[in-house]
1. Without any contact (Cβ under 8 Å) to a residue 24 or more places away in the chain and touching a Gly at 6+ places or on another chain (Cβ under 8 Å) - does that describe any residue in segment 40-60?
2. Just to verify a result, which residue in segment 23-37, among those that are open to solvent by less than 90 Å² (accessible area, probe 1.4 Å) and more than 27 Å from the chain's Cα centre (by Cα), is modelled with the highest pLDDT?
3. Return the residues of segment 1-22 that are open to solvent by 100 Å² or more (accessible area, probe 1.4 Å) and of a type outside the set (Ser, Thr, Tyr); say none if nothing qualifies.
Amino acid sequence: MHRMKIQRASGTEHVALVDIVALQSHCIGAGGASRSVKNLLESRRLDEVRRREAAERLVHLQKVRSSPELQGLAKLNYDERLARVQARKQQTAVDAYLHKMNNRRDKDGPTP
């Protein structure tokens, strides 16, 4: 409830008003449209799935942050990390090229 002052010709009047938005925020499915039990149960199930997935992501993130590989990378300076990334990028490009060449090779032709 909100108390508001209203100025009238006869003076100031205090009026108690209900905060409908606050009430709706505490109610399940009070978004203006009538919702069936089936919709409310589906909404609850989806909320539980989202919470479970968020918890799983948090656990995974904590594992990744504490991995020794990441800890080792964090100790490298920018130039060392850049060199690693460039080498990995070049190796990936070479692997992709070799894969493409192997796929184009004639199946009945001579093998190297």
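The values are calculated or read from the model by the stated rules, or taken from the named source; none is laboratory data. On a predicted model such as this, the values are computed, not experimentally measured, just so you know. Every residue, glycine among them, receives a Cβ derived from its backbone with ideal geometry; neighbour counts consider all protein chains shown. Remember, those area values only see protein heavy atoms, side chains included, never the ligands or the DNA or RNA. Shrake-Rupley method; radii C 1.70, N 1.55, O 1.52, S 1.80 Å.
1. Filtering segment 40-60 for residues without any contact (Cβ under 8 Å) to a residue 24 or more places away in the chain gives 40-60.
From what's left, touching a Gly at 6+ places or on another chain (Cβ under 8 Å): 40, 43.
Yes, because at least one residue in segment 40-60 is without any contact (Cβ under 8 Å) to a residue 24 or more places away in the chain and touching a Gly at 6+ places or on another chain (Cβ under 8 Å).
2. For segment 23-37, the residue satisfying everything is Ser36.
3. Pass one, segment 1-22, residues open to solvent by 100 Å² or more (accessible area, probe 1.4 Å): 1, 3, 5, 7-10, 14, 20-21.
Within segment 1-22, Met1, Arg3, Lys5, Gln7, Arg8, Ala9, His14, Ile20, Val21 qualify.
Listed here are the residues, each with its yes/no results for (1) loosely packed, with under 10 Cβ neighbours inside 10 Å; (2) under 28 Å from Gln24 (Cβ atoms).
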| site | (1), (2) |
| --- | --- |
| Glu53 | no, yes |
| Glu56 | no, no |
| His60 | no, no |
| Gln71 | no, no |
| Tyr78 | yes, no |
| Arg84 | no, no |
| Arg105 | no, no |
